[in-house]
Amino acid sequence: ASLGTAKQVGLYVSGEESPQQIKMRADRIGIQSPNLYVAAATSLEDIFKVAEQMNPGVIVVDSIQTVFTQELTSAPGSVSQVQEVGCRLMWYAKRTQVPIFIIGHVTK
């Protein structure tokens, strides 16, 4: 609930919804923060570009199944993509000391 409310910037990356949809939901439930930024991206390389430009204090990726790296030919959500993207996000978090929260969806 306090994501992006401190002096550091929070970056929420959505692979499923547009920033406008997320803003409407945030407005509806009363979330307002000048330090929380939303980006719509599914390419891991694009996510890293945005993160490098913004230098956020925390990143949330929603959801891992929609993110892909251009270096693999498999489809987003495939086992190889999820593994590779997860490993690269972990590497980025360790290198930059920025915590990254990864959201994943499981179907039953």
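What follows is calculated from the coordinates using simple rules that are stated; it is not laboratory data. Given the structure is predicted, the values throughout are model-derived calculations rather than measurements. Heads up, the Cβs are rebuilt from the backbone with ideal geometry, glycines too, and the neighbour counts pull from every protein chain shown.
See the values below:
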quantity	calculated
Dipole magnitude of the range 10-103, debye to nearest 20 (Cβ charges: Lys/Arg +1, Asp/Glu -1, about Cα centre)	240
Cα-based reach from LYS49 at 18 Å (exclusive), listing aspartates and glutamates while leaving out same-chain residues under 8 positions away	ASP62, GLU71, GLU84
Residue-averaged [θ]222 nm for the chain, counting only DSSP H segments that reach four residues, each worth -39500 (n - 2.57)	-12000 deg cm²/dmol
For the chain: relative contact order, % (alpha-carbon pairs under 8 angstrom, 6 or more apart)	28
Three-way shape label, the range 58-108, alpha-carbon gyration tensor, a/c 1.5	oblate
Cα gyration tensor shape of the range 10-103, rounded if a/c is under 1.5, else prolate or oblate by comparing a/b with b/c	oblate
